[in-house]
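Structure record follows, encoded as structure tokens.
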Amino acid sequence: MERRKRASVSRSKNGSAKRKVSGKRKVQRRRTSKNSFFGRENTVLFFGCVALVCAIFFVLFTGLDFKKGKNGNGDFDESRIQLSEKLNEKASLEKREKSSSASERKKDEEKPNRPSISSGKSKERPDFAEEQNSKRKNSSAENISARPSVPAAKKNIPAPSENKNTENKNRSSKETSRLPSENKNAGAKNPSSAVMNRPSAENPPSKNEISSKKKNGREKNEFSALPHAKGNAVLVFLFDDAGQNINQLEKFLRLPFPFTVAVLPGLAHSKAAADLIRQSGNEVMLHQPMQAMNLRVNPGPGAITPNMGESEIRSVLFSNIFEIGPVAGVNNHEGSLITADAQKMSYVMKFLSEEGLYFLDSRTSVETKVPYVAKEMGYSYYQRNVFLDNSGKRDDMIAEIKKGLEYANRTGCAIMIGHIWSSEVLSGLLSELYPLLLEKGYSFSKVSECPAKIGI
């Protein structure tokens, strides 16, 4: 019995000891947890506080940057700068692709079977330099549109919109400054540089540039051989066939020097043309129609024909002068048959002498009897020295004007006849020549004031 009690006692002691030991361990664990840096709850709380502080600082800094960017006192965001850099890289890649395609085109052109440039049959490629320029401009525009407005830092700095414009101008100037060197290199490498340097269809030269180049070329080439005036050389320009078209006549009436116009009778605008010429301060002449050697040629209304006697000729001349109004003189229209008839011309010149009018022989025939009749009558007259526009070509007109200048330098005066129907070329040519001829010493006059009257 005692053994059993001792065993139970020992067992109870052992249990209580175990219980005591386990209790001690729990206390130690609690103590160790309390003695550690922080507990689990404390660590969570600590990191939560840290995260909250970081969030507050982030919000504050981002808010300040946003305000700075809005007020124009901060720099670009890094994200935006990265975006612009990516766009620039994209533009450079496109440029490299274009250059590689241009080198491929160059290789294709260097093949022996390519079409020649001079033939003009091959299609013109667009200008490579211009393509590069347009690509660069587009990429720069994209970059600028992607970026925010450039902020103004302090005093005397323009607003964001102004900075955009200045940035665009600076970039475009830099890009254009690079182009000449690129074009030079391309021309050195590419044998078809003549095609590349030609103006593209998108940017054609202006009309003023083309006309100035043409004028300068003409002045150098066409007018270089114009002789200087000798003495008091006088130039007389006579324009025949007025009365057919008023618009053509008005182009000659704008010329800045004095001249004479011969008006045809019996036409729709004969009277109006004569009035306009007188109003402009220039001289009016009757352009008297006369029959030509070729009888199939109709000289027009109010003509002198071979079957007319003296009274009929005098009546025709009187009615034509009355229709047109006051005239200074008369010259023949066609008339190769009549001017070769001494009798008919004596009737004409007698009437003009009585009326105090001069006669100008247009010399439509080498067989003209005007010099013979004038000498017999003691009547002084004029004669044509140069026909300006027989062909209607500008070069031929210039050649004839040069002949007239030489004649004026020999005799003192040259009478040069043109026609109203050549106004598109002749009027413009004389406008160009007028200041040059003045510089060379020539003077301009009407027929009635020409000092080269024959028979004085």
Residue check, SER380 surrounded by fewer than 22 Cβ atoms within 10 Å (Cβ to Cβ) and either under 30 Å from LYS271 (Cα atoms) or not aromatic (Phe, Trp, Tyr) (or both)
yes
Residue check for SER431: free of Cβ contacts under 8 Å to residues at least 60 places away in the same chain and of a type outside the set (Lys, Arg):
no
When every residue in the range 269-283 that is in contact (Cβ under 8 Å) with a residue 24 or more places away in the chain and either over 14 Å from ILE246 (Cα atoms) or touching a strand residue (DSSP E or B) at 6+ places or on another chain (Cβ under 7 Å) (or both) is compared, the one surrounded by the fewest Cβ atoms within 10 Å (Cβ to Cβ) is ARG278
Going through the range 433-456 one residue at a time, which ones are modelled with pLDDT under 95 and under 23 Å from ASN245 (Cβ atoms)?
none
So which residues in the range 260-299 are assigned to a loop (DSSP other than H, G, I, E, B), of a type in the set (Gly, Ala, Ser) and under 29 Å from ARG314 (Cβ atoms)?
GLY266, ALA268, ALA292
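Per-residue answers, yes or no, for (1) crowded, with 21+ Cβ neighbours inside 10 Å; (2) touching a residue at least 40 places away in the same chain (Cβ under 8 Å); (3) under 21 Å from ALA374 (Cβ atoms):
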| site | (1), (2), (3) |
| --- | --- |
| ILE398 | no, yes, no |
| LYS403 | no, no, no |
| TYR407 | no, no, yes |
| ILE415 | yes, yes, yes |
| ILE454 | no, yes, yes |
Do you know which residues across the range 362-384 are touching a residue at least 40 places away in the same chain (Cβ under 8 Å) and either on the phi < 0 side of the Ramachandran plot or among the hydrophobic types (A, V, I, L, M, F, W, C) (or both)?
SER362, THR364, SER365, PRO371, ALA374, LYS375, TYR379, SER380, TYR381, TYR382, GLN383, ARG384
Go through (1) within 21 Å of SER353 (Cα to Cα); (2) among the charged types (D, E, K, R); (3) surrounded by 17 or more Cβ atoms within 10 Å (Cβ to Cβ) one by one and return the number of the condition GLU312 breaks.
(3)
Just to be sure I understand, how many residues within the range 327-349 are free of Cβ contacts under 8 Å to residues at least 40 places away in the same chain and either in contact with a strand residue (DSSP E or B) (Cβ under 7 Å, 6 or more places away or on another chain) or farther than 19 Å from ASN298 by Cβ (or both)?
6
Output the residues belonging to the range 215-259 that are part of a helix (DSSP H, G or I) and either at pLDDT 95 or above or farther than 17 Å from PRO435 by Cα (or both).
ILE246, ASN247, GLN248, LEU249, GLU250, LYS251, PHE252, LEU253
Restricting attention to the range 321-330, does a residue exist that is buried (at least 20 other Cβ atoms within 10 Å of the Cβ), more than 16 Å from PRO289 (Cα to Cα), more than 45 Å from the chain's Cα centre (by Cα) and modelled with pLDDT of 95 or more?
no
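The values are calculated or read from the model by the stated rules, or taken from the named source; none is laboratory data. Remember, it's a predicted structure, so these values are computed and weren't measured experimentally. With ideal geometry, Cβ positions are generated from the backbone for all residues, glycine too; neighbour counts draw on all protein chains shown.
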